[in-house]
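Asks: Structure in structure tokens, see below.
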Amino acid sequence: MLFVPFDFSALYLRDLERLRRLFTLVPEYLHLRDPVGPEINYMDYGVQLGRRFRSLKLWFVIRHYGIEGLQHHIREHVRLAQQFAAGVRDDSRFELAAPAQLNLVCFRLRATDRADQDRTDQDQANQLLMERLNRSGDLYLTHTKLDGKLTLRFCVGQTNTQARHVERTWRRIQEETGKLGNS
């Protein structure tokens, strides 16, 4: 979401002190510095924050887009993900596997009403759908397991993604799902 293609991510949290306690490298018994002092030691806020110029990557992105431009893109990606999630909710063949809060939508095919349909069959159907879509080259989905069920993941994050791309992606998923019934 932050347009840094590799080896960088942002972490959103409410309790910064908890994160600092987790990553503090100075053991309590040494008391080399006041852990609640006015200084901010960024090494206490994440693993390897300064290595491989991770912070420099974000600096270049902010310099290019500006804070307002970056905010615009993030808000647009969240909006597009919500648009995709609405399509999932509106199609009775699918279900959202988790709330779509940022730019990631986790969804899956619903289990059919047949009594012999079990989780394995549902997982296989989702796996087959993902493989067919990925093989087509039209789009690429990833997957995870949520509540023990194979779940497809759609993420909006490329800088030039527009509503038409999301709409075309959803149509392709619906088309390929329709073909699954005939295989």
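Asks: With label points built 7 Å along Cα→Cβ from the Cα atoms of residue 64 and residue 140, find their separation and express it in nm.
Replies: 1.8 nm
Asks: Tell me, what HN-Hα J-couplings in whole Hz come from the Karplus equation 6.51 cos²θ - 1.76 cosθ + 1.60 at θ = phi - 60° for each residue of segment 95-111, using x for Gly and Pro?
Replies: Calculated HN-Hα couplings, in order: 9, 7, 8, 7, x, 8, 9, 10, 9, 10, 10, 9, 9, 7, 5, 6, 5 Hz.
Asks: From the mean inverse distance of alpha carbon pairs (Kirkwood) and the Cα radius of gyration, derive Rg over Rh for segment 73-180.
Replies: We get a ratio of 0.96 for segment 73-180.
Asks: Right, something else. For a paramagnetic label modelled at 7 Å from the Cα of residue 174 toward its Cβ, which residues of segment 121-161 fall within the zone defined by backbone nitrogen distances under 16 Å?
Replies: Zone members listed by number: none at all.
Rule-based calculations on the coordinates, nothing more; no lab input. It should be emphasised that the depicted structure is a prediction, and the values quoted were computed from it without experimental measurement. FYI the Cβ positions are ideal-geometry reconstructions off the backbone, even for glycines, and counts take in every protein chain you see.
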